[in-house]
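Have a look at the structure below before the remarks.
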């Protein structure tokens, strides 16, 4: 029941059609989930899931917990590991359609909004892997849907906002930016009376209570996520981009061909009197774009607002189709959706044969595609290096990043646990003091020579398909005769990024 005068009841929901479309997206993602291999983040999450904590230096506990659960139920299954992301992606598609309904779209408008989200590059890329991004995208979309209803109806819906926000903050801190942006939008453009009700504030307290364990961990650990944000802003992450690409990147997060749909939604939210109750989302988009741009955030940090913009833009785009030559304009819209699916699926999903991947632009456009190739061969090269040292000698594996360490933990369990100073792996070290030798990948020889009496090359990493990713061609070092305590080495190895 509408809670604000002048807002008509939304049209019927196209639930069956939306569920079918969402199921189709989930089925597509599951069908290709087992191709290529683990991403470096997935290998990291598997280890983090075995080191359960209330928080980590770079994330909340939710995604590592999901990794542990799926790997425990279906050991070694890449498809099972990625199933939560596939399901979350299907849910995002359904919720995008339901958001369009809240903005007055009928069946066709709901399906258009959901279809645009279904073929978007961000959904297909994130939905293919188990990452913190996919649940974050679902969280933003769910929060947006609940906020739209809460701003209109008020009451206990705000408590649902609080519950979802509290759970979402156990994954990433970004949902707090959405809530802050919408709050600023309400203060700037209304409806301000909602803030005089106790329900939004009760919802906020509920979110804070659910987030409290992770907040407490962050506080007692020195707020490492603030340091991580600085590292990301400096470009230390593989998915970081220069600041001047932040805004151009927004044109490809959905699809360049579908920019008119979400742009129409942004304009409609900002100017249409019929949507004045939700003008705060237009304000939030502008504010957060500036905040993430100025602070060096990654371009995809804004991705969670595109379901709202697509939902608001679906109806005016359909009106445009119906006003002119329906067949021509409808054909153009259908072609934009079909071409977007073809391009985004090719770039975002493992459709290209792995042996041909190096000769395509896919790894240049989609960083994660290149990082899902070669990990078993990486671990095998480390094992060969270990075999060159006496069997009775205590040897550890030391790596430059968490993906390399995670690959050893997954594919060379006889050498586990691997050690690294990267992110949370730093908290799981240092190695034992009786380990005088190490097989090392990803660290400069000059540093190793300061810590060990002998440093020799054992071999090089080769992923077997000629793909130029971060590990390809890296030297595998044998470092023996350690002369500096691990307790002194470890602080030099710690890094966030």
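Worth a mention:
- Top-ranked residue of segment 230-248 - restricted to ones that are in a helix (DSSP H, G or I) and surrounded by 15 or more Cβ atoms within 10 Å (Cβ to Cβ), ranked as modelled with the lowest pLDDT: 233
- Tallying residues that are surrounded by 21 or more Cβ atoms within 10 Å (Cβ to Cβ) and assigned to a helix (DSSP H, G or I) within segment 47-61 yields 2.
- Scope segment 62-92; condition in a loop (DSSP other than H, G, I, E, B) and out of contact with any helix residue (DSSP H, G or I) (no Cβ under 7 Å at 6 or more places or on another chain); matching residues: 75, 76, 77
- When each of 432, 417 is tested for being at pLDDT 95 or above, farther than 26 Å from residue 60 by Cβ and surrounded by fewer than 21 Cβ atoms within 10 Å (Cβ to Cβ), the lone residue that passes is 432.
- The lone exception for residue 254 - which of (1) at pLDDT 95 or above; (2) in a helix (DSSP H, G or I); (3) within 23 Å of the chain's Cα centre (by Cα) it fails: (2)
This table checks each residue for (1) more than 23 Å from residue 259 (Cβ to Cβ); (2) assigned by TED's automatic domain parsing to the domain that holds residue 273; (3) crowded, with 20+ Cβ neighbours inside 10 Å; (4) at pLDDT below 95.
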| site | (1), (2), (3), (4) |
| --- | --- |
| 139 | yes, yes, yes, no |
| 145 | no, yes, yes, no |
| 150 | yes, yes, yes, no |
| 163 | yes, yes, no, no |
| 166 | yes, yes, yes, no |
| 170 | yes, yes, yes, no |
| 211 | yes, yes, yes, no |
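- Residue 288 assigned to a helix (DSSP H, G or I) and out of contact with any strand residue (DSSP E or B) (no Cβ under 6 Å at 6 or more places or on another chain): yes
- The single condition among (1) touching a residue at least 24 places away in the same chain (Cβ under 8 Å); (2) under 28 Å from the mean Cα position of the chain (by Cα); (3) buried (at least 16 other Cβ atoms within 10 Å of the Cβ); (4) part of a helix (DSSP H, G or I) that residue 355 does not satisfy is (3).
- Some residue of segment 174-192 being farther than 27 Å from residue 290 by Cα and part of a loop (DSSP other than H, G, I, E, B): no
- When 327, 410 are checked against the criterion of being surrounded by fewer than 19 Cβ atoms within 10 Å (Cβ to Cβ) and either part of a helix (DSSP H, G or I) or over 27 Å from the mean Cα position of the chain (by Cα) (or both), a single residue qualifies: 327.
- Subset of segment 339-352 (residues that are touching a residue at least 60 places away in the same chain (Cβ under 8 Å) and either assigned to a helix (DSSP H, G or I) or in contact with a strand residue (DSSP E or B) (Cβ under 9 Å, 6 or more places away or on another chain) (or both)): 339, 340, 341, 343, 344, 345, 347, 348
- So residue 35, is it within 21 Å of the chain's Cα centre (by Cα), modelled with pLDDT under 95 and surrounded by fewer than 24 Cβ atoms within 10 Å (Cβ to Cβ): yes
The values are calculated or read from the model by the stated rules, or taken from the named source; none is laboratory data. Just so it is clear, the model here is predicted, and its values are computed rather than measured. Positions of Cβ are backbone-derived with ideal geometry, glycine not excepted, and every protein chain shown enters the neighbour counts.
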